[in-house]
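See structure below.
The values are calculated or read from the model by the stated rules, or taken from the named source; none is laboratory data. Worth saying up front: this structure is predicted, and the values here are computed from it rather than measured. Please note: Cβ atoms are built from the backbone with ideal geometry, for glycine as well, and neighbour counts cover all protein chains shown.
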Amino acid sequence: MNNTQSTEVLFEFSKPGRRCHRVPACDVPSPQPLSELIPANFLAKSSPALPEVGEIDLIRHFTNLSTRNMSIDTNFYPLGSCTMKYNPKRHERLASLPGFAALHPLQDDSTLQGILEILYEMQQFLAEISGLPAVSLQPAAGAQGELTALYVAAAYFRDKGETHRRKVLVPDSAHGTNPASAALAGFDTVTIKSGLDGLVDLHDLKTKLSDDTAVFMITNPNTLGLFETQIKTITDWLHAKGALVYLDGANMNAILGITRPGDFGADMQHYNVHKTFTGPHGGGGPGSGPIAVRDFLAPYLPAPIVVKEGDQYRLNYDMPKSIGRVRSFFGNVGILFRGYCYIRTLGAEGLKRVAQHAVLNANYLRTRVAQIFDIPHPGPCMHEFVASARSLLRERKISAKDICKRLLDYSFHAPTVYFPLVVPEALMMEPTETESKETLDAFANTLARIQDEDPEIVRTAPHTHIVSRPDEVKAAKDQKLRWKPPTATSSLSHER
Amino acid sequence: MPYILNTPDDEKAMLAAIGVSSIEDLFAKVPPEVRLNRLLNIPGPMAEMELQAHVLRLLAKNQSAANTICFLGGGAYDHFIPSVVDVIAGRSEYYTAYTPYQAEASQGTLQAIFEYQSLMCVLTGMDVANASLYDGGSATAEAMLMALGITKRSEVVVAESVHPEYRQVLATYAANLNCQLRTVPTPEGFLNPNDIRACLSEATACIIVQSPNFFGHLEDMEAVAAAAHSVGGLFVASFDPISLGILQRPGDYRADIAVAEGQGLGVPLQFGGPYLGILTCRDDPRFLRKIPGRLVGETVDRHGQRCWVLTLQPREQHIARANATSNICTNQGLLALRAAVYLTALGPQGLKETAELCTRKAHYAAEQLTRIPGVSLRFRTPFFKEFTLRVPGDPINLLAKLRSAGFLAGLPLGRWYPHLADCISIAVTEQRTQAEIDGLAAALRDCL
């Protein structure tokens, strides 16, 4: 069922005089015109031309639009690298309680003892899971966690007088945020090749590792879903050169309670709480990207950190070597709070079982998919794997993108596509531990079916969705980034 | 085991299909010397009932805007959130989806973000809005990066009256780039137009000014714009979205980039985040090349039907990598949705009335409080919903006494501004009633 009622752009069904929310009358004595309170030159000549709609229109609009989304709650969502696991509803209820939702970020610590205890414990949990003792919960998302850690590294090297360390090494299979964060932190990035086995090419690393190396950013398990078996050698090499090792923690779901970044030689890592600890992804965010670092890097973390003194909790701002702030207020606490609830629900054994079943599900799906597509790298995999549709493209002119679009017709969200860059026609699949064998079988059966379908049907998919194959070139060329009334269209400056 | 569906029989069948005899075999590539040979030191597990009781016990230790009377501001405000906002943002089709890279499977999110971008343009009078950034602080830093990139200049000037935490974020970002950050003192509680020219030069990439500023008072944004433009620099304005129900818009006073903390637009206080970083700018190809983060654009599909996609992605990290305009990937999509629903629910009239209520109540509060002997307005300039009071004695002690009387009465400013150690700032939203304001005045009188 596709309900199109009230699904025009908001402004198109706006009607002057309609409204939804009403505010009460002013209950303080304030008879004077507004311009006696604020001089007229500060006041706008008119109100912003927001849409004017009634409550039922608003609700139908956004409700009907919501049905045009695929989501974890409606579809299997095997989006590699994103850990699209089930988002427990208990977290939503608890996060909406006024004892949390109505906490102002600048309240006095004495009024925050409950939330500070939760955040203090969260710092402890993340330290324990990573094997890295000092934690900052401030970064708002994984990319900001990376950036924060690189700032910490830069401050550490400045403090040591080693400002010649200008280089950050990044594997070619890394997320794009890694080199982008390194550049923003003022470093030069150097790409390290992957070998045929999908792992860091040790020879290339050795060649490029030098006295001006500051940090090696490694993802482990890497984006191919493979554990870097030589991780200890790699981290030993970096440390022998006086450099630091950063772990991109996007793939922590595979190793919870199995191995710890601190134990395999990482000096810093970020978490994606919205992935590993199931803060909902929100249609693109919010995330939360706390970092954990070794003791000798702790002085450089962003302030504040929650500390415990006796049975009291306090925000500690007294960190003279701190890099400062990367955002305002404490962090994306709503997501951290959900992550805390998740960790408490599962406990130590539960967290380990998450990793075990994420890896079991990935390997089972891998086994099924291997009967359909090439999987360039040997198994077993960790929590995800990357298949290649190149032979299907060669033989039947069906691309990875086509497969993704056709999957939508069968009510499956697509895998991550064309990433990592080291695999042609890449299809990156991460089933997560919260899916059943039946779902994985149905998905694999569908892939097998698509492979044999009339290529024309696949190339023009999806056929059952409200739209099919948007013209992305036109979008980039036209640059219609906001709604404008039809009459004004011809005078749009960007359409010159 | 919650959330895991594999039964022992499933597990057996899956392992057989894979061709291994145990789950442990699947971890064979994790070298023994890096394995954790014990359980993590983490308590639990907890059933839902236990978890809820545990969390309720902890939350009961907090005081909040829900069980006290909150006059705290400083960039986060206790504005009312209409129920429609929670209902829509609570639809799991929105909150359990991810980045809308598969446009056909994400038209709901894409259209909502397009509408958010459109609403931000209407609200601010600017031409372009991105799909959201993390918060007001990092949005200000991203605006600074944009200005540095657009002007290819190296100096950034910021008024001391800008939120101190935003300025700390600017300092952190600037410390690792080739740029100089200069802070202009604002002893009168705002950036005096006569002082602006002296701070600017041909090297100035941008000047960053917030209005209403951290003290709640208004800045002469037209004068700042003129000064910035006269040296060929850009003007980055930080605004309060609620204030735009009545105050001049950044587009009116010729801002080049306008940023804000969007928390007031239907986002719960929730101890500081997730909030919403708003970034808008002029329609100029140089700006569009440097704008950070995601953008949703309108296009047509293969049937010619209007639809929406993520666009101009070559700016972004997943394509440009080290040359990206920003490293941002995950943004604040769900909060952008909340803001879109909030502004739609209020409409032009509701936003105007809300802003006007804040103004009238704040001015009433200032009037009542300054009748108390020894209490006075610290600055003489116009303010919107927040103002700065000089109080007798130690503000920290005073605020502690007021907490005991049931009020989160204000922010002590000495923490950020040593010269204002005898001052507090007080924010009054549309939610505060006359009884609550009179109550605060009575309590303050009692505490002095």
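Close Cβ contacts (under 7 Å, 6 or more residues apart or on different chains) running from residues in the stretch A:12-29 that are touching a residue at least 40 places away in the same chain (Cβ under 8 Å) to residues that are crowded, with 16+ Cβ neighbours inside 10 Å and not acidic (Asp, Glu) comprise A:PHE13/A:SER6; A:PHE13/A:VAL53.
Looking at A:ALA387, is it modelled with pLDDT of 95 or more, in a loop (DSSP other than H, G, I, E, B) and either more than 24 Å from A:ARG260 (Cα to Cα) or small (Gly, Ala, Ser) (or both)? When the stated conditions are applied, A:ALA387 does not pass them.
In the condition set (1) buried (at least 24 other Cβ atoms within 10 Å of the Cβ); (2) modelled with pLDDT under 95; (3) touching a Leu at 6+ places or on another chain (Cβ under 8 Å), B:THR325 is compliant with all but (1). The residue that is surrounded by the fewest Cβ atoms within 10 Å (Cβ to Cβ), counting only those in the stretch A:27-62 that are facing chain B (nearest Cβ under 7 Å), over 27 Å from B:ALA365 (Cβ atoms) and of a type outside the set (A, V, I, L, M), is A:GLU55. One residue alone among A:PHE76, A:PHE62, A:PHE42 is outside the structural domain of A:LEU447 (by TED's automatic domain parsing), within 21 Å of A:VAL467 (Cα to Cα) and without any contact (Cβ under 8 Å) to a residue 12 or more places away in the chain, and that residue is A:PHE62. Just one residue in the set B:GLU367, B:GLU353 is more than 8 Å from every other protein chain (Cβ to nearest Cβ) and at pLDDT 95 or above; that residue is B:GLU367. Within the stretch B:248-258, identify whether any single residue is touching a Ser or Thr at 6+ places or on another chain (Cβ under 6 Å), surrounded by fewer than 24 Cβ atoms within 10 Å (Cβ to Cβ) and more than 11 Å from chain A (Cβ to nearest Cβ), and answer yes or no. The answer is no; no qualifying residue exists. In the set (1) within 12 Å of chain B (Cβ to nearest Cβ); (2) buried (at least 22 other Cβ atoms within 10 Å of the Cβ); (3) within 23 Å of the chain's Cα centre (by Cα), the condition left unmet by A:ARG366 is number (3). Residues in the stretch B:401-431 that are assigned to a helix (DSSP H, G or I) and touching a Ser or Thr at 6+ places or on another chain (Cβ under 8 Å): B:ARG403, B:LEU413, B:LEU420. Got a sec? Which of A:ASN222, A:ASN253 is among the polar types (S, T, N, Q), at pLDDT 95 or above and either in a strand (DSSP E or B) or within 17 Å of A:GLU146 (Cα to Cα) (or both)? Sole residue among the options that is among the polar types (S, T, N, Q), at pLDDT 95 or above and either in a strand (DSSP E or B) or within 17 Å of A:GLU146 (Cα to Cα) (or both): A:ASN222. Contact map, the stretch A:411-432: first residue at pLDDT 95 or above, second residue acidic (Asp, Glu) and surrounded by 24 or more Cβ atoms within 10 Å (Cβ to Cβ), Cβ cut-off under 7 Å, separation 6 or more or different chains; pairs are A:MET428/A:GLU384; A:MET429/A:GLU384; A:GLU430/A:GLU384. For the stretch B:388-412, the set of residues classified as within 23 Å of the chain's Cα centre (by Cα) and within 20 Å of B:ALA65 (Cβ to Cβ) consists of B:LEU408, B:ALA409, B:GLY410, B:LEU411, B:PRO412, listed by residue number. Please give the number of the condition B:ARG282 fails out of (1) surrounded by fewer than 24 Cβ atoms within 10 Å (Cβ to Cβ); (2) without any contact (Cβ under 8 Å) to a residue 40 or more places away in the chain. Of everything listed in (1) surrounded by fewer than 24 Cβ atoms within 10 Å (Cβ to Cβ); (2) without any contact (Cβ under 8 Å) to a residue 40 or more places away in the chain, B:ARG282 misses just condition (2). Of the numbered criteria (1) closer than 26 Å to B:CYS329 by Cβ; (2) more than 16 Å from the chain's Cα centre (by Cα); (3) of a type in the set (Gly, Ala, Ser); (4) away from chain A (no Cβ under 11 Å), the one B:ALA225 fails is (1). If you go through the stretch A:433-446 one residue at a time, do you hit one that is within 16 Å of A:VAL369 (Cβ to Cβ), in contact with an Asp or Glu (Cβ under 8 Å, 6 or more places away or on another chain) and in the same structural domain as A:ALA387 (by TED's automatic domain parsing)? Yes, the stretch A:433-446 contains at least one residue that is within 16 Å of A:VAL369 (Cβ to Cβ), in contact with an Asp or Glu (Cβ under 8 Å, 6 or more places away or on another chain) and in the same structural domain as A:ALA387 (by TED's automatic domain parsing). Determine if the stretch A:391-414 includes at least one residue that is part of a helix (DSSP H, G or I), surrounded by 23 or more Cβ atoms within 10 Å (Cβ to Cβ), among the β-branched types (Val, Ile, Thr) and not assigned by TED's automatic domain parsing to the domain that holds A:GLY279. Among the residues of the stretch A:391-414, at least one is part of a helix (DSSP H, G or I), surrounded by 23 or more Cβ atoms within 10 Å (Cβ to Cβ), among the β-branched types (Val, Ile, Thr) and not assigned by TED's automatic domain parsing to the domain that holds A:GLY279, which makes the answer yes. Any residue at all in the stretch A:447-466 that's hydrophobic (A, V, I, L, M, F, W, C) and modelled with pLDDT under 95? Yes; the residues of the stretch A:447-466 include at least one that is hydrophobic (A, V, I, L, M, F, W, C) and modelled with pLDDT under 95. Candidates in the stretch B:193-232 are the residues that are of a type in the set (S, T, N, Q) and out of contact with any strand residue (DSSP E or B) (no Cβ under 9 Å at 6 or more places or on another chain); of these, the one that is modelled with the lowest pLDDT is B:ASN194. For the stretch A:411-419, the condition holds for at least one residue, the condition being that it is over 22 Å from A:PRO376 (Cβ atoms), at the interface with another protein chain (Cβ under 8 Å from one of its Cβ atoms) and either among the small types (Gly, Ala, Ser) or touching a strand residue (DSSP E or B) at 6+ places or on another chain (Cβ under 8 Å) (or both). Scanning the stretch A:157-172 for residues that are surrounded by 24 or more Cβ atoms within 10 Å (Cβ to Cβ) and more than 10 Å from chain B (Cβ to nearest Cβ) returns A:LEU169, A:PRO171. Candidates are the residues of the stretch B:262-278 that are at the interface with chain A (Cβ under 10 Å from one of its Cβ atoms), outside any helix (DSSP H, G or I) and in contact with a Leu (Cβ under 7 Å, 6 or more places away or on another chain); the one that is surrounded by the most Cβ atoms within 10 Å (Cβ to Cβ) is B:TYR275. If only residues of the stretch B:156-205 that are among the basic types (Lys, Arg) and under 19 Å from A:ILE323 (Cα atoms) are counted, the one that is surrounded by the most Cβ atoms within 10 Å (Cβ to Cβ) is B:ARG167. Would you check which residues across the stretch A:7-52 are assigned to a helix (DSSP H, G or I) and either under 42 Å from the mean Cα position of the chain (by Cα) or within 24 Å of A:ASN64 (Cα to Cα) (or both) and list them? Answer for the stretch A:7-52, where residues must be assigned to a helix (DSSP H, G or I) and either under 42 Å from the mean Cα position of the chain (by Cα) or within 24 Å of A:ASN64 (Cα to Cα) (or both): A:LEU10, A:PHE11, A:GLU12, A:PHE13, A:PHE42. One residue alone among A:LEU126, A:LEU94 is buried (at least 23 other Cβ atoms within 10 Å of the Cβ), farther than 30 Å from A:ALA426 by Cα, more than 8 Å from chain B (Cβ to nearest Cβ) and in contact (Cβ under 8 Å) with a residue 60 or more places away in the chain, and that residue is A:LEU126.
The residues of the stretch B:76-106 that are under 29 Å from B:MET146 (Cβ atoms), part of a helix (DSSP H, G or I) and either in contact with a strand residue (DSSP E or B) (Cβ under 6 Å, 6 or more places away or on another chain) or facing chain A (nearest Cβ under 7 Å) (or both), listed by number, are B:TYR94, B:ALA103. In the stretch A:78-91, of all residues being touching a strand residue (DSSP E or B) at 6+ places or on another chain (Cβ under 8 Å) and part of a loop (DSSP other than H, G, I, E, B), the one that is nearest to the other protein chains (Cβ to nearest Cβ) corresponds to A:CYS82.
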